[in-house]
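Input: a single structure, listed below in structure tokens.
The values are calculated or read from the model by the stated rules, or taken from the named source; none is laboratory data. Keep in mind the model is a prediction, meaning the values are calculated, not measured. All Cβ positions, even for glycine, are placed from backbone atoms using ideal geometry, and neighbour counts span all protein chains on display. Accessible surface areas use protein heavy atoms only, side chains included; no ligands, DNA or RNA. Shrake-Rupley method; radii C 1.70, N 1.55, O 1.52, S 1.80 Å.
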Amino acid sequence: MIRAVLAVATAVALLAVAGPALADARVDTTADRIATAGERLDRAAADLAASSTAVRPGEPPARRTVRLRLPEGFAAASVGFVGIGPPAALRDAGDGPTDRGDGGGPTPADDAARTAFGYRIRGGPLRTVPLSNVATTDGSVLRVDPGNSRVRLRYVRIEGTPSVVASRPDA
């Protein structure tokens with residue numbers, strides 16, 4: 001009987017010590033996977049621009065649909081927000097403090113970025129990954145759902161400038 005009580009007490013003590021480390025690992029892994037999805041989206045936009053010609057409004061554009069696999073479930077930390085848009089608009093949409101992802105907070109370069117892939121893990125700051133090859137329509141924020149989401153990229157001319165614009169596949 002005493003052995004069983006000691007075994008249970010030891011197991012509870014080990015879980016109490018390991019619990020915070022496991023929670024931190026889930027947050028770090030989730031943040032890395034989401035940031036990788038943002039980088040993958042930017043690479044897909046660069047590939048689309050490199051292999052296509054931008055067209056004028058009204059003409060069918062070159063397009064590509066990108067599937068983003070965002071972490072969810074038991075092994076992932078709870079995600080509060082994921083979106084694509086201008087950094088200032090992401091801060092408003094994300095409802096929280098901002099973080100570049102390295103703990104240093106926002107920089108003027110972040111605000112100068114035309115578009116970013118922003119995400120917030122519940123209870124944490126909004127983190128951003130600059131997207132140098134993607135824009136959104138009228139500077140709006142395109143929300144991305146956790147799990148498997150799709151984003152349509154179209155290569156068009158906006159005010160004479162070739163741009164890859166992100167939207168929902170059904171838009």
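Structure data summary
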{"quantity": "Residues that are under 30 Å from Ile121 (Cα atoms) and either over 20 Å from the mean Cα position of the chain (by Cα) or among the polar types (S, T, N, Q) (or both), drawn from the stretch 144-169", "calculated": "Asn148, Ser149, Ser163, Ser167"}
{"quantity": "Number of positions in the stretch 132-151 that are touching a residue at least 24 places away in the same chain (Cβ under 8 Å), of a type outside the set (Lys, Arg) and open to solvent by 70 Å² or more (accessible area, probe 1.4 Å)", "calculated": "3"}
{"quantity": "Qualifying residue in the stretch 99-117 (condition: of a type outside the set (S, T, N, Q) and at pLDDT 85 or above)", "calculated": "yes"}
{"quantity": "Candidates Asp92, Asp42 - the one that is surrounded by 18 or more Cβ atoms within 10 Å (Cβ to Cβ) and within 17 Å of the chain's Cα centre (by Cα)", "calculated": "Asp42"}
{"quantity": "Cross-chain or 6+ apart pairs with Cβ under 7 Å, the stretch 23-40 first and more than 12 Å from Arg127 (Cβ to Cβ) and of a type in the set (Gly, Ala, Ser), then open to solvent by 70 Å² or more (accessible area, probe 1.4 Å) and not in a helix (DSSP H, G or I)", "calculated": "Ala37/Arg69"}
